[in-house]
Amino acid sequence: QVRLAESGGGLVQPGGSLTLSCAASGIAYGIKTMGWYRQAPGAQRELVASITAGGSTNYADSVKGRFTISGDNAKNTADLQMNSLRPEDTAVYYCNTEITVGIHSVNVWGQGTQVTVSS
């Protein structure tokens, strides 16, 4: 079975940096996309950043220039480097991967890791 392990969350001060890591295990088929989403209290879950197997990236407008997503196809991992963190970045961050299974695409979610930005 496919599982995603997330790590790197925690408490940081405004302006600080944090790196989130996601490792996928049990992948028997190719990963199409890996990404990070977040959900703040009272808000909808939103895409933060994603990266395709080909290296194409996509970012939410609110994090452009501050966050960087990177992936390692050989290791099935995706890291999210977060710089210049703001209190509004506080949320539970979830790793997601879209994999190909035959002609189908399947999305798998991690359990989430808390990021709190506060002084």
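The values are calculated or read from the model by the stated rules, or taken from the named source; none is laboratory data. This structure is a prediction, so every number in the text was calculated from the model and none was measured. Methodologically, a virtual Cβ is constructed for each residue, glycine included, from the backbone with ideal geometry; neighbour enumeration extends over all protein chains shown. Surface accessibility is based on the protein's heavy atoms, side chains included, excluding ligands, DNA and RNA. Shrake-Rupley method; radii C 1.70, N 1.55, O 1.52, S 1.80 Å.
Evaluating 6.51 cos²θ - 1.76 cosθ + 1.60 at θ = phi - 60° for every residue in region 5-10, the Karplus couplings come out as 10, 10, 8, x, x, x Hz, glycine and proline recorded as x. Using a 1.4 Å probe over the heavy atoms of the protein chains, calculate the carbon and sulfur portion of the accessible area of the chain as a whole percent. Here it works out to 47 percent.
Accessible area per residue, 1.4 Å probe, Å², for region 18-59: what's the number? List each step's numbers first, then the result.
Values: 2100 Å² over 42 residues.
Computed with neighbouring chains in place, this is 50 Å² per residue.
Here each label is just a point 7 Å from Cα along the line to Cβ, and for THR19 and ASP61 those points are 3.1 nm apart.
Shown here for region 21-117: trypsin sites (Lys or Arg not before Pro) in loop regions (DSSP other than H, G, I, E, B) with at most 12 other Cβ atoms within 10 Å, namely LYS64, LYS75.
At 7 Å along the Cα-to-beta-carbon direction for both ALA53 and TRP109, put a label point, then send me their distance in nm to one decimal. Distance between label points: 2.4 nm. Taking 0.36 nm per residue of separation and subtracting the current Cα-Cα distance, fully stretching the chain between SER84 and ALA5 would add 26.0 nm. Size descriptors for the chain, from the alpha-carbon set: Rg then Dmax equal 13.9, 48 Å.
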